[in-house]
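Note sheet for the following structure.
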Amino acid sequence: MHFHKYEKIWLSFGIVSLIVFLSVVGVSAFSQNHTPSGGMDTIDPEKVNETAPFDNPGVTQLDEDTYQVAIVALAFGYNAPDLRVPAGKEIIFKVTSTDVVHSFTIDDTKVNMMVVPGRITTKSYTFEEPGKYLILCNEYCGTGHHMMSTEIEVY
Amino acid sequence: MIAQPERKIALWHLGVAYTAFLIGTLMGVLQVFIRNDALQLPAWLDYYQILTAHGVLLALIYTTFFIFAFFITGMSKSLGSFGPKVRLFSWIGLWVTLLGTVMATVMIIAGEASVLYTFYAPLKANGFYYVGLALVIIGTWVSSFALVGHYIVWRRKNKGQLSPLFAFMTITTIVLWIIACLGVVATVLFQYIPWAFGWTDTINVELSRSLFWYFGHPLVYFWLLPAYIAWYTIVPKLLGVKVFSDSLARLAFVLFILFSIPVGFHHQLTEPGISNFWKFLQVVLTFMVIVPSLMTAFSMFATFEISGRKKGGTGLFGWFKKLPWRDVRFTSIFIAMAFFIPGGAGGIINASFQLNEVVHNTLWIVGHFHITVGTPVAMTFMGLTFWLIPYLTGRRFTKRMQRLGFVQIITWSIGMLLMSTAQHVLGLMGAPRRTAYSGYNDHPSAMEWFDGIISNHVTMAIGGTILFLSAMILMYIVIMTMFVLPKAETPEQMVEFPLAESDMSNTPKWLENWWIWISIAAALIIIAYAIPLTHMIQHAPPGSKGFITW
């Protein structure tokens, strides 16, 4: 099989670029903990309201610098009262669903979590700017999908 | 010209394809006006019904029927006329696929299946929607096996020879399609259908999503590879040259069998139930599938330059002016390729693990697939339609049609540029996909999205309207070339099937040893999927009941 000289240059350039891209992504992910939301925890989707931490949804302070926010997504809203968290502190979001697949997406941030019934999605995030952030569902969940939203206040 | 029975089969496929195209694009134009609150649907019709129909009819039905029309014509052209069994099974395939299509469409119209074409559980559609989708897949398998049978007959008659490039590429696409469908067939047959008909109570949601995306990503390569077949085998003929390199073309295609399948997790990067290790492994494999596309880009531009220089183009870029810009069959495909440059680059962004969080399920993704399947693939199919239908009907492709063809592809390009740019920008700002009109109670952030020069409610609607007009011009051309235009009488009036010559003298034989490629593909699939899928089954949470939330 014959590769033209220019094709060798082109493919080497392409493959080296891809390796560089992957290295940047991989190093950032695994040595600096910039991984997308996820998690391996499971939950009975019919017993969400009886299972910790979703039996008491909302903000809980874990220690001085860490807060946990538990949220239950359901068609077409979020069960998460009084969403107020401080800026500059680590916020651990834990989200699950009692019915279909949803998302928990905070506008203007990297918090963009798929919410799957039977599973708990986790994401750690630190807000830098105080303000009121829009939270919305970006996975189709039914007739009221485009109405499914709430707000989080960062102080 | 190919034999009459094959022409008839191919024309039927095109008829179904363009019926789906007509309804699908109509649904598209309705969406852009609902999204900017200019249009209120009657109570019996819902935005998400329209969205489901748009996705199913264009992404699944238009593409599939067009692809088989192209394959049937090209296989008959390059390997000779079909035998009676191949014909029979091609017809059976057509009717089964059509039956499935009608069944699924009726369910969508009846409001029993507003679950979009991804039909994520535990949204529960009417069981017959899933049966319809299963029949669509089974029908394509019957058509696929008919073509494979035709190929095997040819191989037996021509022992030790490499098959013509068109046939090789068709079989590659079919191999990829059959392996890819295993995932969706497994989930629909063993998870959705028993659950939708009430034979089982619950469904393992994460498993169903993973099996869907095992299929969902190679599905896009099932759309793209026929376009690549046209780029490799049709374009050089339009340029008056040979295929740049037969062996590299074949190598690129087999690489797609290897790397387009074990990559579905890159659609699931932000969800639970798959550990970061497996997500990242599939990200790496996703990047591998970029390599054959880079090879294709090189071959295309090499072909252009060789042709341009042969026609007297000099200097660094002089050859570019010598390309046959006045030939709509070429210009359409050239524009299609140009759209794939930002389209492919966007794909690299989407697949980049944590970077995906910025764009996942935003309008950016919608913009992305409109400049991948919606233009590079669709406009290549349009460019093929201009000669494929007249070739099959024996009618003339008149000067007037050629001019209309230009109007059609130029309007499509402008419309798509406006619409997809708006979608990309809106998505980066955070606007979600798959939503009807919503201002989120006039939340300031949501208001901000639609306040830009490009990112506003008007740009997308203008783009969508231009696209719809373009689609109607195409429908006019399709109807004219199918039923109305005068029959070609002289050889000059005959429309040809422009199939380029490919020099196979340096092509190694092992490239056509399918067992090598199928085995490596299977090994890669097992590496990428066996452990995470087993984990999903063994450590499954209690399953989900069905929900009808529309």
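What follows is calculated from the coordinates using simple rules that are stated; it is not laboratory data. All values derive from a computational prediction rather than experimental measurement. Glycine gets a Cβ as well: all are built from the backbone with ideal geometry, and neighbour counts include every protein chain shown.
Each label point is 7 Å from the Cα along the Cα-to-Cβ direction; what then is the distance between the points at B:LYS311 and B:ILE454, in nm?
Result for the modelled spin labels: 3.1 nm.
Can you give me the orientation-averaged projected area of the convex hull built on the Cα atoms of region A:48-154, in nm²?
Orientation-averaged projected area of the Cα hull: 5.9 nm².
For B:LYS157 and B:TRP510 in one chain, what is 0.36 nm times their gap in residues minus the Cα-Cα distance, to one decimal in nm? Don't skip to the end; give the middle numbers.
On the way: separation 353, 0.36 × 353 = 127.08 nm, distance 1.89 nm.
That pair, B:LYS157 and B:TRP510, stretches by 125.2 nm at full extension.
Could you tell me the distance between the Cα centroids of region B:33-104 and region B:376-427, to the nearest Å?
Comparing the Cα centres of region B:33-104 and region B:376-427, I get a distance of 18 Å.
Relative contact order for chain A: what is it in percent, counting Cα pairs under 8 Å that are at least 6 residues apart? Provide the component values of the computation, followed by the final result.
Details: 312 pairs, mean separation 33.1, N = 155.
After rounding, I find 21 percent.
Is the shape of region B:439-481 best called rounded, prolate or oblate, per the rule: a/c under 1.5 gives rounded, else a/b larger than b/c gives prolate, else oblate, with a ≥ b ≥ c the square roots of the Cα gyration tensor eigenvalues?
Details: a/c = 7.96, a/b = 3.79, b/c = 2.10.
It comes out prolate by the Cα gyration axes.
So which GluC sites (Glu not before Pro) in region B:461-550 end up in coil per DSSP with only 16 or fewer other C-beta atoms within 10 Å?
Working: sites: B:GLU489, B:GLU492, B:GLU496, B:GLU501, B:GLU512; in loops: B:GLU489, B:GLU492, B:GLU496, B:GLU501.
Counting only loop positions with at most 16 other Cβ atoms within 10 Å, the GluC sites (Glu not before Pro) in region B:461-550 are B:GLU489, B:GLU492, B:GLU496, B:GLU501.
What does the charge count around B:ALA59 come to, taking other residues whose C-beta lies under 15 Å from its C-beta (Lys +1, Arg +1, Asp -1, Glu -1)?
On the way: positive: B:ARG433, B:ARG434; negative: none.
Neighbour charge sum, excluding B:ALA59 itself: +2.
Can you figure out the FRET efficiency of B:ILE341 with A:THR51, using R₀ = 35 Å and their beta-carbon distance, to the nearest 0.05?
Working: r = 49 Å, r/R0 = 1.40.
So the FRET efficiency works out to roughly 0.10.
Would you mind putting B:304-313, B:33-42 in packing order, based on average other-beta-carbon counts within 10 Å, highest first? Write out the running numbers ahead of the final one.
Working: B:304-313: 17.6, B:33-42: 14.1.
In descending order of packing, they fall as B:304-313, B:33-42.
Longer than 28 Å from Cα to Cα, which of A:LYS8/B:LYS159; B:LYS242/B:LYS321; A:LYS94/B:LYS279; A:LYS5/B:LYS157; A:LYS5/B:LYS509; B:LYS77/B:LYS242 are they? Say none if no pair is.
Numbers: A:LYS8/B:LYS159 33 Å; B:LYS242/B:LYS321 19 Å; A:LYS94/B:LYS279 20 Å; A:LYS5/B:LYS157 38 Å; A:LYS5/B:LYS509 23 Å; B:LYS77/B:LYS242 18 Å.
The answer is A:LYS8/B:LYS159; A:LYS5/B:LYS157.
Using DSSP, restrict attention to beta bridges with both residues in chain A and report what percent are antiparallel, rounded to the nearest 5. Intermediate values should be presented prior to the final figure.
Numbers: 28 of 38 bridges.
The antiparallel proportion sits near 75 percent.
Can you bin the protein assembly as shown into rounded, prolate or oblate? Criterion: square roots of the alpha carbon gyration tensor eigenvalues sorted a ≥ b ≥ c, rounded for a/c under 1.5, prolate for a/b above b/c, oblate for the rest. It would help to have the intermediate numbers written out before the result.
Details: a/c = 1.66, a/b = 1.63, b/c = 1.02.
Prolate.
Under a point spin-label approximation (7 Å from Cα along Cα-to-Cβ), what is the A:ILE92-B:VAL102 distance to one decimal in nm?
My value for the distance between the label points is 5.7 nm.
Need one value for B:349-359: mean number of C-beta atoms belonging to other chains within 10 Å of its residues' C-beta atoms. Let's see the in-between values first.
Values: counts 1, 0, 2, 6, 10, 10, 7, 3, 11, 3, 1.
Other-chain Cβ atoms within 10 Å of each residue's Cβ, averaged: 5.
Find which of B:PRO262, B:TYR117, B:LEU323 sits farthest along the positive direction of the dipole of the protein assembly as shown, computed with +1 on the beta-carbon of Lys and Arg, -1 on that of Asp and Glu, about the Cα centre.
B:LEU323
Starting from the 7 Å offset along Cα-to-Cβ, what nm value, one decimal, do you get for the label separation of A:GLU129 and B:ILE527?
About 4.4 nm separates the two model spin labels.
Using alpha carbons only, how many degrees (0 to 90, rounded to 10) separate the axis of helix A:5-30 from the longest principal axis of chain A?
30 degrees
Please work out whether chain B counts as rounded, prolate or oblate from its C-alpha gyration tensor, where a ≥ b ≥ c are the square roots of the eigenvalues and a/c under 1.5 means rounded, while otherwise a/b larger than b/c means prolate and anything else oblate? Can you show the working numbers first?
Values: a/c = 1.44, a/b = 1.24, b/c = 1.16.
Verdict is rounded for chain B.
Helix-only mean residue ellipticity at 222 nm, chain B, DSSP H runs n ≥ 4 weighted -39,500 (n - 2.57), per residue, nearest 500. What is it? Could the numbers behind the result be given before it?
On the way: 21 runs with 360 residues, N = 550.
It comes out at -22000 deg cm²/dmol, rounded to the nearest 500.
Would you list the membrane-span-like helices of chain B, meaning whole DSSP H runs whose alpha-carbon atoms span at least 27 Å along their axis and whose mean Kyte-Doolittle value is at least 0.5?
Numbers: long enough: B:4-35 (46 Å, 0.78); B:84-109 (37 Å, 1.48); B:127-157 (45 Å, 0.95); B:165-187 (34 Å, 2.32); B:205-229 (36 Å, 0.80); B:290-310 (30 Å, 0.72); B:328-351 (34 Å, 1.43); B:399-429 (45 Å, 0.69); B:457-479 (33 Å, 2.04); B:514-538 (34 Å, 1.63).
Going by DSSP H runs, the hits are B:4-35, B:84-109, B:127-157, B:165-187, B:205-229, B:290-310, B:328-351, B:399-429, B:457-479, B:514-538.
Between B:LYS399 and A:LEU11, how high is the FRET efficiency from 1/(1 + (r/R0)^6) when r is the Cβ-Cβ distance and R₀ = 45 Å? Nearest 0.05.
The pair B:LYS399/A:LEU11 has a calculated efficiency of 0.60.
Calculate the FRET efficiency for B:MET494 and A:ASN79 from the Cβ-Cβ distance with a Förster distance of 60 Å, rounded to the nearest 0.05. Before the final figure, lay out each step's value.
Details: r = 68 Å, r/R0 = 1.14.
About 0.30, to the nearest 0.05.
Fully extended, how many nm does the chain gain between B:PHE190 and B:THR465 (0.36 nm per residue separation, minus their Cα-Cα distance)? Before the final figure, lay out each step's value.
Numbers: separation 275, 0.36 × 275 = 99.00 nm, distance 4.15 nm.
So the chain would gain 94.8 nm between B:PHE190 and B:THR465.
Given the -39500 (n - 2.57) contribution per DSSP H run of 4+ residues, what per-residue ellipticity at 222 nm results for chain A, rounded to the nearest 500 deg cm²/dmol? Write down the numbers at each step before the final one.
Numbers: 1 runs with 26 residues, N = 155.
Per the formula, -6000 deg cm²/dmol.
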